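A short worksheet on the structure shown next.
The values are calculated or read from the model by the stated rules, or taken from the named source; none is laboratory data. As the structure is a computational prediction, the values presented were derived from the model and not from experiment. Quick reminder, even Gly has a Cβ in these numbers, built from the backbone with ideal geometry, and neighbours come from all protein chains shown.
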Amino acid sequence: METGESFREDADRPCHGQPHQVPVMVEAYRQAEQEGLDLGQMVTLEEDDKVRARASSPTILEGATFPLRDAIRLMIAYSDNTATNLVLDAVGIPSTAATMEELGLPNSKIHSKVYRRETSAFPERSAEFGSARPTPTR
């Protein structure tokens, strides 16, 4: 039974970690449904694509070729930053931001590829928040 009650704790504080990847996944599936993006299209990890988080290495080996849908899975299941960037290459940073705005989540923006601030579509926001600023509320 819905009561209409809600609870929010730090709802306007930016989240860190995997939540920044959810908008990228949403945009990929939106494009697949509405624009015909082929989730089966093959992507190949090149040396320049690799990024590291802390001391861990990417879950994808250099030279590996696999479907975009698998990059989305790696991005979400393993929080793989390299996979996130491969998906962003396919769907675009500006379109991901536009979709979040259309969904009423204007503060949930991906600013740049992970660890690639030079790719920022929102330089001022990148300077303040880094590669992303997801929040759980509008």
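Annotations for the structure displayed:
- In summary, helices (runs of 4 or more DSSP H) completely within segment 54-138 and bearing 2 or more residues that are modelled with pLDDT of 80 or more occur at 68-77, 81-91, 93-102.
Results for (1) at pLDDT 80 or above; (2) of a type outside the set (Asp, Glu); (3) more than 14 Å from GLY92 (Cβ to Cβ), shown as yes or no for each residue.
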{"position": "ALA11", "(1), (2), (3)": "no, yes, yes"}
{"position": "CYS15", "(1), (2), (3)": "no, yes, yes"}
{"position": "PRO19", "(1), (2), (3)": "no, yes, yes"}
{"position": "VAL22", "(1), (2), (3)": "yes, yes, yes"}
{"position": "ALA32", "(1), (2), (3)": "yes, yes, no"}
{"position": "LEU37", "(1), (2), (3)": "yes, yes, no"}
{"position": "GLN41", "(1), (2), (3)": "yes, yes, yes"}
{"position": "ASP49", "(1), (2), (3)": "yes, no, yes"}
